[in-house]
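What follows is one structure encoded as structure tokens, with my remarks underneath.
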Amino acid sequence: MSNIHCIGICTGGGDAPGLNAVIRAATKAAIKKYGWKVIGIPDGFDGLIWPEKSFELTLKEVSGILPKGGTILGTTNRGDPFHYKTVENGKEITRDISGQVIANATKLGIDAIITIGGDGSQKIGYELFQKGMKIVGVPKTIDNDLSATEVTFGFDTALHTVTDAIDKIHTTAASHHRVMVVEVMGRDCGWIALEAGIAGGAHVILIPEIPFTIERICQHLAEREKYGKRFTIVVVAEGVKLPPEMRENRRAGSMGNLIGNAIANMSKKEVRVSVLGHIQRGGSPSPFDRILATRFGVAAVDLIAAGGFGMMVALHGGSIVSVDVAHAIGHLKSVDPQGEVVRAARAIGVSFGD
Ligand code: F6P
């Protein structure tokens with residue numbers, strides 16, 4: 001058993017629906033099950049640069065936050081204490097302030113920290129662990145691209161948001177006989193595009209894992225037209241790799257707009273583009289995400305009690321397990337182009353533009 005009296009909680013990287021549910025569950029379990037004090041660290045590890053900004057998370061503090069999107073602790077996807085950027089005498093300089101961060105955590109009486117974040121935040125947590133900080137990780141990202149866990153909280157809510165958007169775009173696409181391009185998040189992997197695309201009945205799904213050409217997309221539009229379908233929904237993951245000929249003259253603009261313009265030029269059809277952007281990261285977490293986040297929060301506290309530092313909670317086979325953070329970071333979970341989900345989509349006539 002570890003000798004713990006006080007834990008800190010911080011949220012790092014882009015926010016995701018369910019962060020507050022983790023904060024609430026971890027705080028409640030720490031207080032009710034173990035009698036520990038809980039400190040909220042604001043804005044990721046940046047909060048430990050100014051320890052006076054940290055505050056106690058009481059049962060009252062976490063009451064009512066379960067259905068709220070975002071994070072009551074605030075977050076940043078630029079804060080890295082090992083490469084902390086400041087402007088001094090008009091020049092940007094990068095410093096390693098990890099020692100200061102660890103010292104400030106000790107000053108606050110924090111014995112161990114729960115880091116809720118994606119790959120980047122878990123990497124920072126692991127480096128702090130190597131320097132002696134007691135860290136336990138909770139995986140988060142709407143992109144669902146962390147290989148160490150079957151699913152991250154936030155993904156399911158994002159799927160609901162995107163599916164709802166595609167449903168709405170469907171009716172206007174059909175009415176106007178247009179090609180509608182919907183750009184969704186997914187910087188490295190195509191999970192949101194693939195799964196929301198299937199759920200929303202998209203006709204073309206473009207993901208980073210499958211190379212595509214504009215010609216093949218236009219052939220698909222023509223084939224649809226042959227059996228009377230004059231509209232098409234194209235879901236594009238923001239991180240798709242453009243075909244070589246489009247890379248050369250790549251101008252600024254969203255991926256959706258670039259692809260939409262190219263489809264319009266080649267097919268001579270009317271095309272409209274919707275970039276869903278950060279609405280995918282907002283909103284109240286779905287029941288699935290609230291439950292997963294609650295289970296992760298409680299499991300993280302139990303992991304601290306068991307002395308499982310340098311570990312991260314994860315979902316495997318529907319059960320909560322703990323994995324070594326060292327093995328969890330740096331390996332993204334890509335969509336398998338030959339996998340069952342892609343094959344199911346192809347079987348019902350979805351084109352991947354290849
Ligand atoms: O990592 C999640 C994610 O939603 C990516 O899909 C997206 O590229 C990124 O965050 C956007 O982050 P921000 O605009 O907040 O820097």
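For the chain, what is the calculated [θ] at 222 nm in deg cm²/dmol (nearest 500), taking -39500 (n - 2.57) for each run of four or more DSSP H residues and dividing by its residue count? Please list the in-between numbers first.
Values: 11 runs with 131 residues, N = 354.
Helices in the chain give a 222 nm mean residue ellipticity of -11500 deg cm²/dmol.
Considering amide H positions built from the backbone, and no H for Pro or chain starts, which residues 5 or more places from LYS333, or on another chain, come under 5 Å of its amide H?
Hits under the 5 Å cutoff: LEU146, SER147.
Kindly identify the range 155-281 as rounded, prolate or oblate by the Cα gyration tensor criterion: order the square roots of the eigenvalues as a ≥ b ≥ c, call it rounded if a/c is under 1.5, otherwise compare a/b with b/c, prolate if a/b is larger, else oblate. Please report the intermediate quantities before stating the final value.
Numbers: a/c = 1.65, a/b = 1.07, b/c = 1.54.
In terms of gyration-tensor shape, oblate.
Give the long-range amide H neighbours of GLY8: residues separated by 5 or more places, or on another chain, with amide H under 5 Å away, using H modelled in the peptide plane at 1.01 Å from N.
Hits under the 5 Å cutoff: ILE39, ASP111, ALA112, ILE113, ILE114.
What ³J(HN,Hα) values, in whole Hz, does the Karplus curve 6.51 cos²θ - 1.76 cosθ + 1.60 give for the range 136-153 when θ = phi - 60°, with x put for Gly and Pro?
Ordered by residue, 3J(HN,Hα) equals 10, x, 10, x, 8, 4, 5, 6, 6, 10, 8, 6, 6, 10, 4, 8, 9, 6 Hz.
Relative to the longest principal axis of the C-alpha atoms of the chain, give the angle of the C-alpha long axis of helix 98-107, reported between 0 and 90° and rounded to the nearest 10°.
Rounded to the nearest ten degrees, it is 50.
Can you tell me the 0 to 90 degree angle between the C-alpha axis of helix 155-176 and the longest principal axis of the chain, rounded to 10?
20 degrees
Restrict the search to the range 181-251; then list the trypsin sites (Lys or Arg not before Pro) that DSSP places in a loop and that have at most 12 other Cβ atoms within 10 Å of their Cβ.
Working: sites: ARG187, ARG216, ARG224, LYS226, LYS229, ARG230, LYS241, ARG247, ARG250, ARG251; in loops: ARG187, LYS229, ARG230, LYS241, ARG250, ARG251.
Qualifying residues, ordered by number: ARG250, ARG251.
In degrees from 0 to 90, rounded to the nearest 10, what is the angle of the helix 19-34 Cα long axis to the longest principal axis of the chain?
30 degrees
Taking the alpha-carbon centroid of each part, what is the distance from the range 173-243 to the range 284-354 in angstrom?
Taking the Cα centre of the range 284-354 as reference, the centre of the range 173-243 is 25 Å away.
Have a look at the chain and give its Rg and Dmax from the Cα atoms, expressed in angstrom.
My reading of the Cα-based Rg and Dmax gives 22.4, 71 Å.
What list of ³J(HN,Hα) couplings, whole Hz, do you get for the range 218-233 from phi and the Karplus terms 6.51, -1.76, 1.60, once you set θ to phi - 60° and write x for glycine and proline?
Result, ordered by residue: 5, 4, 5, 4, 5, 4, 4, 5, 4, 9, x, 9, 9, 10, 8, 9 Hz.
All of the numbers you see were taken from the coordinates with simple rules; none came from a lab. Being a predicted model, the structure only gives us computed values, none of them experimental. Cβ coordinates were reconstructed from backbone atoms using ideal geometry, including for glycine residues, and neighbour counts include every protein chain displayed.
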